[in-house]
Protein chains: 2
Amino acid sequence: MPSAATAARELPEPPGLPAPLPEPTVADLRLEAVLGALSDPLRLRIVRKLLLEREEFDHPCGWLGLDRPKSSLTHHFKALREAGLIRQRQYGLERRSHVRVGDLDARFPGLLGLVADWTPDGP
Amino acid sequence: MPSAATAARELPEPPGLPAPLPEPTVADLRLEAVLGALSDPLRLRIVRKLLLEREEFDHPCGWLGLDRPKSSLTHHFKALREAGLIRQRQYGLERRSHVRVGDLDARFPGLLGLVADWTPDGP
């Protein structure tokens, strides 16, 4: 197994969080949907950074420092949430996210290791 | 790691095989392309059956018993080959395939275990 995945942590859930936005339950996670969501280099990069560089319980998309229009990022984060890769919560005007590490490790062992070991093609 | 993947075997290569059709080298395999090719339930089913029920070095697509038009199957097998999941050879009028188990295990450890553990949603 790739060892980089061990860097992924489940942080303790702080009290008083907003409810998660709609997402599939663990039982409803589908491999084909998860793989489809990860078949885009930008989405791989989002999940990998949230996985390996997590500093807080949830991160806004601005934290990732991606040079893309906000509407495009909103679309990609929604695709990741609907496939079950990330959990999103609405904090006032801002959505913040984290990777569903425990759920994904339970259903698809090894998957997050592949994401952790991935590197973008270009610089 | 899913144990079903241990059923995957690399059969010895018989002498006098036709050359493989064009495919990415091991070094050129890209995770996003491999995951994209596997994001379709039919393609997951193809790879899983070739992986777990292999009886010969290469199998024609008719061996899989899929109830789809030949043109559709040709398209899906080509997508799998171009992503690097299967190796295809032309035997006279027929193309036959096997999963690139060694190459995929080397580059993406755990991936074929996820495919082996997958089950179609419906009956």
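One table, with the values for the structure above:
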| quantity | calculated |
| --- | --- |
| Selection status of A:Leu66, under 27 Å from B:Ala37 (Cα atoms), among the hydrophobic types (A, V, I, L, M, F, W, C) and in a loop (DSSP other than H, G, I, E, B) | yes |
| Candidate set from region A:9-32 (those that are in contact with a helix residue (DSSP H, G or I) (Cβ under 9 Å, 6 or more places away or on another chain) and either facing another protein chain (nearest Cβ under 10 Å) or charged (D, E, K, R) (or both)); member that is nearest to B:Trp118 (Cα to Cα) | A:Leu31 |
| Selected residue (criterion: farthest from the other protein chains (Cβ to nearest Cβ)) from residues of region B:88-123 that are more than 19 Å from A:Gly36 (Cα to Cα) and of a type in the set (Ser, Thr, Tyr) | B:Tyr91 |
| Evaluation of A:Leu51 against (1) more than 13 Å from chain B (Cβ to nearest Cβ); (2) outside any helix (DSSP H, G or I) (one fails), failing number | (2) |
| Residues within region B:33-83 that are among the acidic types (Asp, Glu) and in contact with a helix residue (DSSP H, G or I) (Cβ under 6 Å, 6 or more places away or on another chain), tallied | 0 |
| Conditions (1) more than 14 Å from chain B (Cβ to nearest Cβ); (2) at pLDDT below 95; (3) closer than 16 Å to A:Val115 by Cβ; number of the one not met by A:Met1 | (1) |
| Out of A:Leu85, A:Leu42, A:Leu35, sole residue that is under 18 Å from B:Gly110 (Cα atoms), within 14 Å of chain B (Cβ to nearest Cβ) and in contact (Cβ under 8 Å) with a residue 24 or more places away in the chain | A:Leu85 |
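The values are calculated or read from the model by the stated rules, or taken from the named source; none is laboratory data. Since we're looking at a predicted model, the values are computed, not measured. In this analysis, Cβ positions are derived from the backbone assuming ideal geometry, glycine residues included, and neighbour counts consider all displayed protein chains.
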